[in-house]
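J.: Please read through the structure below; I'll follow up with questions.
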Amino acid sequence: MTPQTVISDCGDAAVVVRALHADAADRWRMVHVLADLVEQADLDGLYGVVPTYDSLLVEFDADRADHETVRRVLDQALRGIRPGESLLARPRLFVVPVVYGGEYGPDLDLVASQLGITARQVIELHTAAPLTVRCLGAPVGAPMMDGPAFPAPVPRLPSPRVSVPPGSVAVAGRQAVICPMRSPGGWPLLGRTPLRVLDPASDPLTPYRPGDRLRFVPIEPQQWDEHDGALLAATDG
């Protein structure tokens, strides 16, 4: 055990670190700073580093590394974390145009009914303030964000959809997300953006990273073509 963390073996080729800080923001910040330090350590056999809200999974090639080696790297990295160290020196802002409701957001009215507010109020709350990207999730780098200031958590759909269009803007619980590619999904859909948030030809695949912020802006369906196919990019505002 390391102060404010628990390090455990996870199967034959992974180690998981769980943050124990009392504050959720401190747990999130610590695992993401730790992820960056592990990647910079140039560990032979490192396969993947996956930070979430309060834990970090470090995967390795069992033919080139072992649990003990990975634990040593983690211990050294943890000693290098300064209290209160920020995740990003300057978080970037991404503006995301969204067509809400109708065929673009088929669950908007459902979410409004569940929350006891109007569809317009759902949109106002969803667009009221930028949402911070906390981690990258499935599928393929989906931005897992803090949810809007809704009056209550949003239930998942009782039956997941087999296919959710790319660019779909969804919420569930106290979280928000954009679906970067067509995939199954059980989160209620509020709308859809005409922008691409995933570029298979680039490295990294997504323009945003944990710590960045996304601000959603409503647009009308007739404005779709103005943005269609453009890659999401950071703004200065």
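The values are calculated or read from the model by the stated rules, or taken from the named source; none is laboratory data. Computed from a predicted model, the values in this text were never measured in an experiment. Glycine also receives a Cβ, built like all others from the backbone with ideal geometry; neighbour counts cover every protein chain displayed. Side chains are part of the model used for accessible areas, which takes the heavy atoms of the whole protein and leaves out ligands, DNA and RNA. Shrake-Rupley method; radii C 1.70, N 1.55, O 1.52, S 1.80 Å.
J.: Select the helices (runs of 4 or more DSSP H) contained entirely in the range 45-130, then report the ones holding at least 1 residues which are crowded, with 16+ Cβ neighbours inside 10 Å and touching a Ser or Thr at 6+ places or on another chain (Cβ under 7 Å).
T.: 67-79, 108-115
J.: Are any residues in the range 127-144 in contact with a strand residue (DSSP E or B) (Cβ under 6 Å, 6 or more places away or on another chain) and either at pLDDT 90 or above or on the phi > 0 side of the Ramachandran plot (or both), and if so, which ones?
T.: Thr127, Pro130, Leu131, Thr132, Val133, Arg134, Cys135, Ala142, Pro143, Met144
J.: Would you be able to say whether some residue in the range 182-194 is over 26 Å from Met30 (Cβ atoms) and within 12 Å of the chain's Cα centre (by Cα)?
T.: Among the residues of the range 182-194, not one is over 26 Å from Met30 (Cβ atoms) and within 12 Å of the chain's Cα centre (by Cα), which makes the answer no.
J.: Tell me which residues, restricted to the range 31-41, are in a helix (DSSP H, G or I), more than 16 Å from the chain's Cα centre (by Cα) and hydrophobic (A, V, I, L, M, F, W, C).
T.: Leu34, Leu37, Val38
J.: Among Gly211, Gly229, which is open to solvent by less than 40 Å² (accessible area, probe 1.4 Å), on the phi > 0 side of the Ramachandran plot and touching a residue at least 60 places away in the same chain (Cβ under 8 Å)?
T.: Gly211
J.: Evaluate the following for Thr69: is it β-branched (Val, Ile, Thr) and at pLDDT below 90?
T.: So Thr69 fails the test.
J.: Report yes if Ser86 is in contact with a Lys or Arg (Cβ under 8 Å, 6 or more places away or on another chain) and modelled with pLDDT under 90, otherwise no.
T.: yes
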